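Quick notes on the structure that follows.
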Amino acid sequence: MWCPRLAWLLRGQRGSPGRRWPWLPRGPWPVLAAPVRCHPTAPASPQCAWQLHQDHLELRYGSTLMRLDFVWLRDHCRSASCYNAKTNQRSLDTASVDLAIRPQAVRVDETTLFLTWPDGHVTRYGLEWLLRNSYEGQKQQVMHPRILWNAEIYRQAQVPSVDCRSFLETDEGLKEFLQNFLLYGIAFVENVTPTKEDTEILAERISIIRETIYGRMWYFTSDFSRGDTAYTKLALDRHTDTTYFQEPCGIQVFHCLKHEGTGGRTLLVDGFHAAEQVLRRAPEHFELLAKVPLKHEDVESVGGCHNHMIGVGPVLNVYPWNNELYLIRYNNYDRAVINTVPHDVVRRWYHAHRALTAELRRPDNELWVKLKPGKALFVDNWRVLHGREAFTGYRQLCGCYLTRDDVLNTARLLGLQA
């Protein structure tokens, strides 16, 4: 079931049209300025043609029609005087570019666009570079290839766990782990020594640990040492963590060190899969969940812990240029008073929230895992919701939050798209 989905994602990487959210306008949009002059394709370059307009260059390369603003073309020049190739940083002062700038001459060969500016400066762009980096090229691609799953899809995929030694000592083991994590939003490491110290070593292999109000590495028991339902033996409904942070934590690590009792299975749900179903069945609900900002709040005063955190954002977050979902902020425990939504919208928002909740609670979307000593779980907290069933006896977990930027950085350095 998941193979066609992966094939679709890979086609998207090669430039096929990606999914558009239905409330955004579709291109191409009309050209407002009348063309100044038109240049047909040269015989040696049958896949490229260009047309000069009042404020932009229209360039067709292959099947993609790009509209490139003149200021943008001058600002992104990669010549030695405008861009430092050693540091990969811009040297040109963008504020110094004339906002009415126009090229004096334009030429295109089989691989390169040449622009000569009024001061004689020449800018060269590879056509493939423009295809990758233009707005029209970017909106056809996905930032983060992934496989959406329910419980059956995940089980059929038979995603392997990675051995702790391979994870810590080889790039191959680390790369396999990160590829699984990027595609599914969850990944497991086996044969980890069940201590907080060894779990910390594991986490630091891929990221800087993010210290929060819960500390750096935390022990987790049902002693109600924090003012949170998680520190009890009660069942926890599916949710994402730290929704009350302005930027919710990116990755969470769980490692069960000991459990002397019954129950306590961990629940995992792919929030992106559920959101996709909402989009397919009721796009107006998806639109509302992506547009309406909400407050989430953590008010805590237990022992020496005194915190009041507030995070604001919609339940669903999408990249505006290609409409790709990148973050779900869902936690019914921590959602604050809804006072950011006018009365003529709030009822519609409740309908939309109910539609998403129904998908998240579908039994076939629930993956139940029994955590045990030696098996560490990494969860993408921007995508996968977690919960647990009630338990008895003494149960101790340790874990931490990781900085998302560092995890993705590690993946990119290993050659993965992240």
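The single condition from (1) of a type outside the set (S, T, Y); (2) free of Cβ contacts under 8 Å to residues at least 40 places away in the same chain; (3) within 22 Å of L182 (Cα to Cα); (4) open to solvent by less than 70 Å² (accessible area, probe 1.4 Å) that V346 fails is (3). Only residues that are open to solvent by less than 40 Å² (accessible area, probe 1.4 Å) and part of a loop (DSSP other than H, G, I, E, B) were counted in region 141-178, giving 9. Would you pick out the residues in region 259-312 that are exposed (fewer than 14 other Cβ atoms within 10 Å of the Cβ), assigned to a strand (DSSP E or B), touching a residue at least 24 places away in the same chain (Cβ under 8 Å) and not β-branched (V, I, T)? If the condition is that a residue be exposed (fewer than 14 other Cβ atoms within 10 Å of the Cβ), assigned to a strand (DSSP E or B), touching a residue at least 24 places away in the same chain (Cβ under 8 Å) and not β-branched (V, I, T), then E260, S301, C305 are the ones that fit. Considering L236, L178, L174, the condition of being touching a residue at least 40 places away in the same chain (Cβ under 8 Å), within 18 Å of K370 (Cβ to Cβ) and in the same structural domain as N331 (by the TED database) is satisfied by L236 alone. If you take the residues of region 220-254 that are in a loop (DSSP other than H, G, I, E, B), modelled with pLDDT under 90 and polar (S, T, N, Q), which of them is surrounded by the most Cβ atoms within 10 Å (Cβ to Cβ)? Once the filter is applied, the top-ranked residue is S222. The residues on offer are L65, L73, and the sole one that is surrounded by 12 or more Cβ atoms within 10 Å (Cβ to Cβ), touching a residue at least 24 places away in the same chain (Cβ under 8 Å) and under 14 Å from G126 (Cβ atoms) is L73. Total residues in region 329-343 satisfying the condition of being surrounded by fewer than 18 Cβ atoms within 10 Å (Cβ to Cβ), within 24 Å of the chain's Cα centre (by Cα) and hydroxyl-bearing (S, T, Y): the figure is 1. Residues in region 179-200 that are more than 18 Å from W149 (Cα to Cα) and in a loop (DSSP other than H, G, I, E, B): N191, V192, T193, P194, T195. The single condition among (1) among the polar types (S, T, N, Q); (2) closer than 30 Å to W321 by Cβ; (3) surrounded by fewer than 18 Cβ atoms within 10 Å (Cβ to Cβ) that S134 does not satisfy is (3). Among the candidates V407, V341, the residue that is assigned by the TED database to the domain that holds F188, assigned to a loop (DSSP other than H, G, I, E, B), out of contact with any Asp or Glu (no Cβ under 6 Å at 6 or more places or on another chain) and of a type in the set (A, V, I, L, M) is uniquely V341. The numbered conditions (1) touching a strand residue (DSSP E or B) at 6+ places or on another chain (Cβ under 7 Å); (2) at pLDDT 95 or above; (3) among the β-branched types (V, I, T) are all true for V278 except (1).
If the condition is being within 15 Å of D405 (Cβ to Cβ), open to solvent by 20 Å² or more (accessible area, probe 1.4 Å) and in contact with a Cys (Cβ under 8 Å, 6 or more places away or on another chain), then region 191-219 contributes only R210.
For E366, the stated conditions hold: it is surrounded by 15 or more Cβ atoms within 10 Å (Cβ to Cβ) and either farther than 29 Å from V142 by Cα or over 21 Å from the mean Cα position of the chain (by Cα) (or both).
I need every pair where a residue in region 112-133 that is free of Cβ contacts under 8 Å to residues at least 24 places away in the same chain has its Cβ under 7 Å from the Cβ of a residue that is hydroxyl-bearing (S, T, Y) and open to solvent by 10 Å² or more (accessible area, probe 1.4 Å), sequence separation at least 6 or different chains. Sorted first by the residue in region 112-133, then by its partner, the pairs are G126/T111; G126/T112. With respect to the stated conditions, Q104 fails to be loosely packed, with under 14 Cβ neighbours inside 10 Å, polar (S, T, N, Q) and within 30 Å of D270 (Cβ to Cβ).
When A376 is tested against (1) at pLDDT 95 or above; (2) surrounded by fewer than 22 Cβ atoms within 10 Å (Cβ to Cβ); (3) of a type in the set (G, A, S), exactly one condition is not met: (2).
Any chance you could count how many residues in region 182-220 are among the hydrophobic types (A, V, I, L, M, F, W, C) and over 21 Å from the mean Cα position of the chain (by Cα)?
Applying the first criterion (among the hydrophobic types (A, V, I, L, M, F, W, C)) to region 182-220 yields 182-183, 186-189, 192, 201-203, 206, 208-209, 213, 217-218, 220.
Okay, now just the ones that are also over 21 Å from the mean Cα position of the chain (by Cα), so 189, 192, 201-202, 213, 217-218, 220.
Total satisfying the criteria: 8.
Look at (1) touching a helix residue (DSSP H, G or I) at 6+ places or on another chain (Cβ under 8 Å); (2) at pLDDT below 95; (3) crowded, with 21+ Cβ neighbours inside 10 Å and you find that R388 fails only one, number (1).
The values are calculated or read from the model by the stated rules, or taken from the named source; none is laboratory data. Not measured: the values here are computed from a predicted model. In this analysis, Cβ positions are derived from the backbone assuming ideal geometry, glycine residues included, and neighbour counts consider all displayed protein chains. Heavy atoms of the whole protein, side chains included, go into the accessibility calculation; ligands, DNA and RNA do not. Shrake-Rupley method; radii C 1.70, N 1.55, O 1.52, S 1.80 Å.
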